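This report refers to the structure that appears directly beneath it.
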Amino acid sequence: MTQAITIKPVPAQEQGNIPSNPGFGAYFSDHMFVQSYTQGNGWGDAAIKKLEHFSIHPAAAVLHYGQEVFEGLKAYKRPDGGVNLFRPEENLRRFNESAVRVVMPEVDPAFHLQALKSLISLDKRWVPEETGSSLYIRPAMIATSAKLGLGASAEYLHFIITGPVGPYFKGGFNPVSVYISDSIRRAVIGGIGEAKTGGNYVASLYMSEKVAKLGYTQVLWLDAIHGKYVEEVGAMNICFVYEGSHIVTPKLSGSILAGITRDSVLKLAPTLGYEVSEELLDVNEILSDIKSGKITEAFGCGTAAVISPVGKLAFKGEEYVINDNQAGTVAKRLYDELTGIQYGSKEDRFGWTQDVGIAD
């Protein structure tokens, strides 16, 4: 039986003002979805209500052992006024896979999607109309049992919040600079690298903050066992283009997040005439191929940035410039095709988009 969602709309006079320049992740919509879980009773108390602070015990398991998961996806305003989601079933599948990995209860995917669409419908005025802007959606789950003994929580809170966003990088679709970490590692095979949980991201902050002071936008992580195989960039997966036609990305190893945009690139690119492959990529060979000109482009791909050209890599004190630090034609074409599908201006041949069910 489908669980009911109690909806408590925020009165118009209490609703927030929508920013004209939202940036990324700084502003939030009026409402949130919440539901709670208790061992033995399962999920209940589902509601969409005013965005507000949580009250949790200081001993809540999430605060001490980091038992939590999250996702990130977007809603896009179409030319006809409707709103699209892009492959949301993949985000919800990954949400549950991450939950299982850190011993949390799964959420019914159909109900999760229903809650998400209901929330967006209520906050439809927050979906930006400008090209390149969207409504960012953050589902999350945290462990709330008050216990200091190490072990899985018996209580959980699942919630979804949203907010308008512009481009993830301030420069928009312009090349970013990436520093390859030669000592600090993010994740290890057999660990939790492929789960979308906070521990993976806090592990990246030390190096991310360090390289930001050196003028670099992102960190490229190498594997933790050999210290030489390319894995992923802090906010996205990484791809390299050989001779303008062959897109190569690191194969999933168990320590790399299986990006939904990454998967979309691998499915879309062959239909545009590009060859694609997933390989074990030695960083030294990659840098040698950049120097020789075999690699003609590099780009990151992820929900936040979609496609982001990489203009240069830095490794052990040396910089390697790619395509004269200019955005390449392959990255631009993939960006245009993907965003065209997401915003509804191009035909969705893959059945990737879902209509939220609202229109102006």
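The values are calculated or read from the model by the stated rules, or taken from the named source; none is laboratory data. All values reported here derive from a predicted model rather than from experimental measurement. Note: ideal-geometry Cβ built from the backbone for every residue, glycine included; neighbour counts use all protein chains shown.
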Checklist entry - Name the residues in region 241-255 that are modelled with pLDDT of 95 or more and farther than 16 Å from K267 by Cα, would you? => result Y242, E243, G244
Checklist entry - Mind checking whether some residue in region 329-349 is without any contact (Cβ under 8 Å) to a residue 12 or more places away in the chain and either among the aliphatic types (A, V, I, L, M) or not in a loop (DSSP other than H, G, I, E, B) (or both)? => result yes
Checklist entry - Of all residues in region 195-220, how many are in contact with a helix residue (DSSP H, G or I) (Cβ under 6 Å, 6 or more places away or on another chain) and among the charged types (D, E, K, R)? => result 1
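Please state which one of D348, D324 is in the same structural domain as D289 (by TED's automatic domain parsing), loosely packed, with under 15 Cβ neighbours inside 10 Å and modelled with pLDDT of 95 or more.
Details: D348 fails: in the same structural domain as D289 (by TED's automatic domain parsing).
Just a single option satisfies the conditions, and that option is D324.
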Next on the checklist: Criterion first (surrounded by fewer than 20 Cβ atoms within 10 Å (Cβ to Cβ), among the aliphatic types (A, V, I, L, M) and at pLDDT 95 or above) does V330 satisfy it?
Outcome noted: no
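Being of a type in the set (D, E), assigned by TED's automatic domain parsing to the domain that holds A146 and under 22 Å from the mean Cα position of the chain (by Cα) is true for just one of E14, E90, E52. Which residue is that?
Values: E14 fails: under 22 Å from the mean Cα position of the chain (by Cα); E52 fails: under 22 Å from the mean Cα position of the chain (by Cα).
Just one listed residue meets the conditions, E90.
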Checklist entry - Taking only pairs six or more apart or across chains, which ones have beta-carbon atoms under 9 Å, a first residue in region 39-59 that is over 28 Å from I120 (Cβ atoms), and a second residue that is among the polar types (S, T, N, Q)? => result Q39/S145; Q39/S153; H57/T144; H57/S145; A59/S145
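Within region 60-84, take every residue that is in contact (Cβ under 8 Å) with a residue 60 or more places away in the chain and of a type in the set (A, V, I, L, M) and give me the one that is nearest to C301 (Cα to Cα). It would help to see each step written out before you state the result.
Within region 60-84, the first condition is being in contact (Cβ under 8 Å) with a residue 60 or more places away in the chain, and the residues that meet it are 60-62, 64-84.
Now drop any that are not of a type in the set (A, V, I, L, M), which leaves 60-62, 69, 73, 75, 83.
Numbers: A60: 35, A61: 33, V62: 29, V69: 21, L73: 13, A75: 17, V83: 22 Å.
Of everything passing the filter in region 60-84, L73 is nearest to C301 (Cα to Cα).
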Checklist entry - Only one of Y168, Y179, Y156 is part of a loop (DSSP other than H, G, I, E, B) and hydroxyl-bearing (S, T, Y); which? => result Y168
Item to check | Members of region 189-240 found to be touching a strand residue (DSSP E or B) at 6+ places or on another chain (Cβ under 9 Å), in contact (Cβ under 8 Å) with a residue 60 or more places away in the chain and under 20 Å from D263 (Cα atoms), listed by number | outcome: G193, A195, K196, T197, L220, V233, A235, M236, N237, I238, C239
